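Working notes, structure below.
The values are calculated or read from the model by the stated rules, or taken from the named source; none is laboratory data. Only a predicted model underlies this, so the values are computations on that prediction, with no experimental measurement involved. Here Cβ is always computed from backbone atoms with ideal geometry, including for glycine, and neighbour counts include all displayed protein chains.
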Amino acid sequence: MSVRIRHSLEDRGLDFYQTPPCATRALIKAERLPHGIWEPHCGYGAIAEVLLDAGHAVAATDVEMRGYQHQSHVLDFLDTICVPPGVDGIVMNPPFALAAIHVRHALTICPYVCALLRLTFLEAGNEKTEAGRARLFCLDRGHLARVHIFQKRLPMMHREGWTGKKSTNTVAFAWFVFDGDHAGPTTLHRI
């Protein structure tokens with residue numbers, strides 16, 4: 001028997017979960033990314049370091065300074081009005097509680113966005129809440145071009161500061177690729 005424990009938003013704080021490097025490496029193999037990339041939730045550089053190793057120019061920012069050597073600024077992504085100079089795409093693992101809002105914002109300032117999201121992001125959306133409206137925008141008007149679904153579950157992403165029992169991942173994740181030039185149906189790919 002298993003029990004799912006759900007922690008409050010207060011407990012989760014900024015919803016900081018580091019991206020496993022294998023997730024970003026899989027994206028690089030599956031997707032032709034632009035050279036200049038912004039990682040607006042860089043944390044300790046989990047995504048940015050893999051992108052840098054692959055030869056991309058990366059602008060790394062976060063809402064807090066966490067000590068990542070290539071983080072250039074502390075800023076709230078939702079307060080930004082444009083991408084940094086030289087950036088042609090955004091690659092991010094947004095805070096899951098506000099994922100739809102972060103993705104919608106990214107799409108308003110950049111035509112190419114890759115977001116690591118739970119596969120259930122494909123479900124629903126509604127007009128009742130801000131997050132629901134954001135999800136409808138992303139899925140219905142955000143030019144969702146491709147969804148790269150992991151064949152195997154990613155390693156568990158534990159919250160920063162988590163001292164409890166470590167567990168395996170029971171959640172399916174995928175890279176959602178939004179492209180302003182895309183027209184037509186969304187394609188699904190197993191990676």
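Here are a few things to note about the model shown:
- When each of Ile28, Ile37 is tested for being in contact with a helix residue (DSSP H, G or I) (Cβ under 9 Å, 6 or more places away or on another chain), at pLDDT 95 or above and crowded, with 20+ Cβ neighbours inside 10 Å, the lone residue that passes is Ile37.
- Within segment 22-33, residues that are β-branched (Val, Ile, Thr) reach partners that are at pLDDT 95 or above with beta carbons closer than 6 Å, at six or more positions or on different chains, in the pairs Thr24/Ile47; Thr24/Val50; Ile28/Ala54.
- Subset of segment 85-102 (residues that are surrounded by 19 or more Cβ atoms within 10 Å (Cβ to Cβ) and under 17 Å from Pro34 (Cβ atoms)): Val87, Gly89, Ile90, Val91, Met92
- All positions within segment 111-129 that are more than 14 Å from the chain's Cα centre (by Cα) and closer than 26 Å to Pro84 by Cβ: Pro111
- Candidates are the residues of segment 40-61 that are small (Gly, Ala, Ser), under 24 Å from Leu98 (Cβ atoms) and without any contact (Cβ under 8 Å) to a residue 24 or more places away in the chain; the one that is surrounded by the fewest Cβ atoms within 10 Å (Cβ to Cβ) is Ala60.
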